[in-house]
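I have placed the structure first, in the form of structure tokens, so that the comments after it can refer back to it.
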Amino acid sequence: MTSLATTKKTTPSRERLNPLIWLVIALFLFVMVFPFLWILITSFKPGAEIYGRDTAFRLIAVNPTIDNYTTVINKGILDAVKNSVIVSLITTLYVVFVASMSAYIIARFSFRGKRMLMGLILGISMFPQMIIIGPVFNMFYNLKMLNSYWVTMAYSTITLPSAVWIMIAHFKRIPLSVEEAARIDGCSQWQALWIVIFPMAAPGVFTTAIMTFIAAWNEYLLTLTLNSDKAYHTVPVAINALRTQFTILWGEITAATVLVIIPTLIIVLLFQRQIVSGITSGAVKE
Amino acid sequence: MTWRQFLFVLPLLLLVSVFSLYPIITSGVYSFFDYQTNDQTRNAMYTGGHLNAPLFHEDGKYLNFYLKKDLQLVDEPGQATIAALQADIEAAIEPYAQKKEPITLPQPEEERILAVIGEIRQRIRSLEEAYPGTELNISENADTLLKEMETCIVGSNFIGLKGYQRLVGDTRFFAALRNTLVFTVISVFFELIIGMGLALVMNRSIRGIGIVRTVSLIPWAIPTAVSALIWTYLYDGTSGIVARVFTQLGLIASPELLLTSAGGTMAAAIIADVWKTTPYMALLLLAGLQVIDRGLYESASVDGAGPMRTFTQITLPLLKPSLLVALLFRTLDAFRVYDLIAVLTKGTPETLSIYAYKVMIGQGNYGYGAVIVLAMFLCVGLIALLYVKVLGAELMND
């Protein structure tokens, strides 16, 4: 697969577009951005304006305030961000480690049961997560692992298959001769993987890490079920816990949303090329 | 595979076994039992008879407690009768004093315990008959306690295929299946159409087209549970701007309908899903478009093919493998939708995931919940098979 960015650069001629397509692009961008823009606007409005008949739909708050932000910070939304960072980092570290080892073997050697192993990995990435919830809850309950960072181990179901898949695609691109040379120099398989292959596949490793991090950061169902204790809530769960039974304080929720989206925005802006490569890895045959 | 190579794969196999295979097999086992965690007689899987020993012991203690009170109400021979009865009850429950969990009960044991309970009932009745004028404490409570002691003997809750039988007649399940299919088909349809258009636009070399890609990554990258919450606000009956705009456009009769009516919630969920995942579809299709040899398009235009003909004769056939993968991934993803609907409307329209979660975690009915998720599993398998067979691409070749 050629990288999306390089294809764009190497194409010499710039096309002229008819205005209709420009209009469609503009409309698309507006639809994509509008929800974020609107919560940003709301987050600076005091409660009375959010619920007021005339003020609810004003573009700019009459009396802008940062109270919503101070309130949600006092309610501990940043603790949830901290939990999300911890949980996502743990998951990323061990998943990249485990996926590298397996992908190396799958990409480099042929063995009996290889197709079955790949089918298993692909199958797991497809099945409904709901199927593991009951048994995993019972397992965590019996082992007294509820309300802890052990939840990251259960995250392997949602992150490991795609991580292995992306890694295989990237490991395959490294020429066999490089590894053979290393083996002649006396490297073991273990050394060949970590000293030669892994650093050479750094872009792929990085893509895998980013994709795993985002998947762990976005996980909702497992944390909701296994970590009911507020102290272990991650961002998606904590922000929904701000909804109370009877009233929804949109000012606080929009402020919290703006705060928790910032890390995602930074990741997208910095690593968009890796993300695009991660999304399309394995989807297109070379 | 050498054993060294096997060691490299071992961590993966362990994680997969513990967190994927074991739960699936366990779900299969659950599905054969009437296993409900909030019901004392069914809170584990029993293949044989069981005695709820702690409760049995407690009930016996209560019997003796009331009998002790009655000691003051009767004469001396009566006291002797009661003391003997107390001693026998104590003897009957004593073996279970230290038990904290239900214990297995062989058939002869079960009959013996039932006989003992029957005998105690008989002796209490004779006691009552001996003192017709006295209001004994035991008379008021014996029936309830003895009945409870009998229910402490729990039969097997193995139900075999009855759970599956129940599923076949479960209209709520089929309603959830229909909702899931409607949601999946409509969402994926719009995602495909819009995503294809978007991919074709992004594939052209226009200055600044990169910004379209950057912007479209943002909805994909944020947690579904967060984006669903954003949409809950946009759809809100009083403060939601989308609900208001839709009302003014005449799409809905009044703003609160989006999150309260059946059609409204379905439309709301589909719009939010299309908003979030169309970019993902577009990127997958774009990757497929970019491996198509540009020379083919030049030859087509030399031969005088119009854009429509080029699209149907060159782009579509060559895009087929990518199209299949994108469609398959998106269909399965939409089919298991949970976060979006759980957050948006707290569970309407009820999809299969929502229904399964309510039964399993909400009601603690792990047995029937497992039946539902296994049915989902089957559907997912059928969908995957359908794609591979009908569209005929080879996913697994390497």
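The values are calculated or read from the model by the stated rules, or taken from the named source; none is laboratory data. Fair warning: this is a prediction, and the values are worked out from it, not measured in the lab. Methodologically, a virtual Cβ is constructed for each residue, glycine included, from the backbone with ideal geometry; neighbour enumeration extends over all protein chains shown.
Evaluation of A:Thr55 against the conditions (1) within 12 Å of another protein chain (Cβ to nearest Cβ); (2) buried (at least 19 other Cβ atoms within 10 Å of the Cβ) shows that the sole unmet condition is (2).
Can you tell me which residue in region B:245-273 is farthest from the chain's Cα centre (by Cα), limited to those that are part of a helix (DSSP H, G or I) and over 16 Å from B:Phe183 (Cβ atoms)? Among them, the one singled out is B:Gln248. Return yes or no: is A:Leu122 at pLDDT below 90, surrounded by fewer than 19 Cβ atoms within 10 Å (Cβ to Cβ) and either in a helix (DSSP H, G or I) or assigned by TED's automatic domain parsing to the domain that holds A:Val235 (or both)? Yes: the conditions hold for A:Leu122. Can you confirm whether A:Ile105 is part of a helix (DSSP H, G or I), touching a residue at least 12 places away in the same chain (Cβ under 8 Å) and either within 11 Å of another protein chain (Cβ to nearest Cβ) or surrounded by fewer than 17 Cβ atoms within 10 Å (Cβ to Cβ) (or both)? No: the conditions fail for A:Ile105.
Each row is one residue, and each column tells you yes or no for (1) within 13 Å of another protein chain (Cβ to nearest Cβ); (2) not polar (S, T, N, Q).
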{"residue": "B:Leu234", "(1), (2)": "yes, yes"}
{"residue": "B:Ile241", "(1), (2)": "yes, yes"}
{"residue": "B:Gly288", "(1), (2)": "yes, yes"}
{"residue": "B:Ile292", "(1), (2)": "yes, yes"}
{"residue": "B:Ala305", "(1), (2)": "no, yes"}
{"residue": "B:Gln313", "(1), (2)": "no, no"}
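Looking only at region B:1-21, count how many residues are surrounded by fewer than 19 Cβ atoms within 10 Å (Cβ to Cβ) and touching a helix residue (DSSP H, G or I) at 6+ places or on another chain (Cβ under 7 Å). Of the residues in that region, 3 qualify.
Scanning region A:80-131 for residues that are under 25 Å from A:Thr225 (Cβ atoms) and charged (D, E, K, R) turns up just one, A:Lys82. Within the bounds of region B:286-304, is there any residue that is more than 22 Å from B:Thr214 (Cα to Cα), assigned by TED's automatic domain parsing to the domain that holds B:Ala199 and touching a residue at least 40 places away in the same chain (Cβ under 8 Å)? No. Quick check: is even one residue across region B:324-332 under 25 Å from the mean Cα position of the chain (by Cα) and not in a helix (DSSP H, G or I)? No, every residue in region B:324-332 fails to be under 25 Å from the mean Cα position of the chain (by Cα) and not in a helix (DSSP H, G or I). Taking (1) buried (at least 22 other Cβ atoms within 10 Å of the Cβ); (2) more than 23 Å from A:Asn218 (Cα to Cα); (3) not basic (Lys, Arg) in turn, A:Leu160 satisfies each apart from (2).
In the set B:Ile314, B:Ile292, B:Ile341, only one residue is part of a helix (DSSP H, G or I) and out of contact with any Pro (no Cβ under 9 Å at 6 or more places or on another chain); that residue is B:Ile314. Annotation note: Cβ proximity below 7 Å between a residue of region B:318-343 that is within 7 Å of chain A (Cβ to nearest Cβ) and a residue that is of a type in the set (Lys, Arg) (sequence gap 6+ or interchain) occurs for B:Pro321/A:Lys285.
Of the listed requirements (1) away from chain A (no Cβ under 11 Å); (2) in contact (Cβ under 8 Å) with a residue 12 or more places away in the chain; (3) out of contact with any Lys or Arg (no Cβ under 8 Å at 6 or more places or on another chain), B:Glu350 misses just one: (3).
Comparison of B:Gly208, B:Gly160 shows that the only residue that is more than 11 Å from chain A (Cβ to nearest Cβ) and surrounded by fewer than 23 Cβ atoms within 10 Å (Cβ to Cβ) is B:Gly160. For B:Met281, only one of the following conditions fails: (1) among the aliphatic types (A, V, I, L, M); (2) at pLDDT below 90; (3) surrounded by 15 or more Cβ atoms within 10 Å (Cβ to Cβ). What is its number? Going through the list (1) among the aliphatic types (A, V, I, L, M); (2) at pLDDT below 90; (3) surrounded by 15 or more Cβ atoms within 10 Å (Cβ to Cβ), B:Met281 breaks only (2). Hey, among the residues in region A:198-242 that are surrounded by fewer than 24 Cβ atoms within 10 Å (Cβ to Cβ) and among the β-branched types (Val, Ile, Thr), which one's nearest to A:Met145 (Cα to Cα)? That would be A:Thr225. Taken as a whole, the condition of being in a helix (DSSP H, G or I) and crowded, with 23+ Cβ neighbours inside 10 Å does not apply to B:Ala300. Do you know which residues across region A:125-138 are under 21 Å from the mean Cα position of the chain (by Cα), in a helix (DSSP H, G or I) and facing chain B (nearest Cβ under 8 Å)? Answer for region A:125-138, where residues must be under 21 Å from the mean Cα position of the chain (by Cα), in a helix (DSSP H, G or I) and facing chain B (nearest Cβ under 8 Å): A:Met126, A:Met130, A:Ile132, A:Ile133.
So, B:Ile194, is that one within 30 Å of A:Val24 (Cβ to Cβ) and modelled with pLDDT of 90 or more or not? Yes.
The sole residue among B:Gly78, B:Gly60, B:Gly48 that is at pLDDT below 90 and under 20 Å from B:Val154 (Cβ atoms) is B:Gly48. On inspection, B:Leu51 passes the criterion of being within 30 Å of A:Phe137 (Cβ to Cβ), within 49 Å of the chain's Cα centre (by Cα) and surrounded by 14 or more Cβ atoms within 10 Å (Cβ to Cβ).
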